[in-house]
1. Picking from Thr19, Thr87, which residue would you name as being closer than 15 Å to Val129 by Cα and either in contact (Cβ under 8 Å) with a residue 12 or more places away in the chain or buried (at least 18 other Cβ atoms within 10 Å of the Cβ) (or both)?
2. Does Leu95 count as modelled with pLDDT of 95 or more, outside any loop (DSSP other than H, G, I, E, B) and crowded, with 17+ Cβ neighbours inside 10 Å?
Amino acid sequence: MSDKIILLVEDNPDDIALTLRAMKKNNIANEVVVARDGAEALDWLFGEGVHAGRDPFVLPLLVMLDLNLPKVDGIEVLRRIRACERTRFLPVVALTTSSEQRDIAACYDQGVNSYIQKPVDFQSFIEAVRQLGMYWLILNKVPYE
């Protein structure tokens, strides 16, 4: 499964490092592409802007999406993913610090597959990533594969 890409959309360098470390600790060996804002994530997914020339038909196995992003927020990124025929079934997990009901509702209204609040301590975060990896990378079947 190491040839399958995970798109991590996260602007906080500490959270990026923490997520990558938790994935490594859980033996999730997939290539991880990091987009540091919502606009970069959309450019990568659709092969535009700084990612023009990238094959937009090569989709990630999973998008791990923070909500509080610069340029384009996570809910708008999710809306655009779901609006495109090619990406509408792409598994998207909101991985965010927000526990706001309005954020949770907005994500599910836009078709997020899962909403996970980032745990504060590293051991809990490792466990959350392990469970996420087990479900999305092993058990869940993606309809466009």
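The values are calculated or read from the model by the stated rules, or taken from the named source; none is laboratory data. Quantities reported herein were computed from a predicted structural model and do not represent experimental measurements. Cβ sites come from the backbone with ideal geometry, for glycine too, and all protein chains shown count toward neighbours.
1. Values: Thr87 fails: closer than 15 Å to Val129 by Cα.
Of Thr19, Thr87, the one residue that is closer than 15 Å to Val129 by Cα and either in contact (Cβ under 8 Å) with a residue 12 or more places away in the chain or buried (at least 18 other Cβ atoms within 10 Å of the Cβ) (or both) is Thr19.
2. Working: modelled with pLDDT of 95 or more: no; outside any loop (DSSP other than H, G, I, E, B): yes; crowded, with 17+ Cβ neighbours inside 10 Å: yes.
So Leu95 fails the test.
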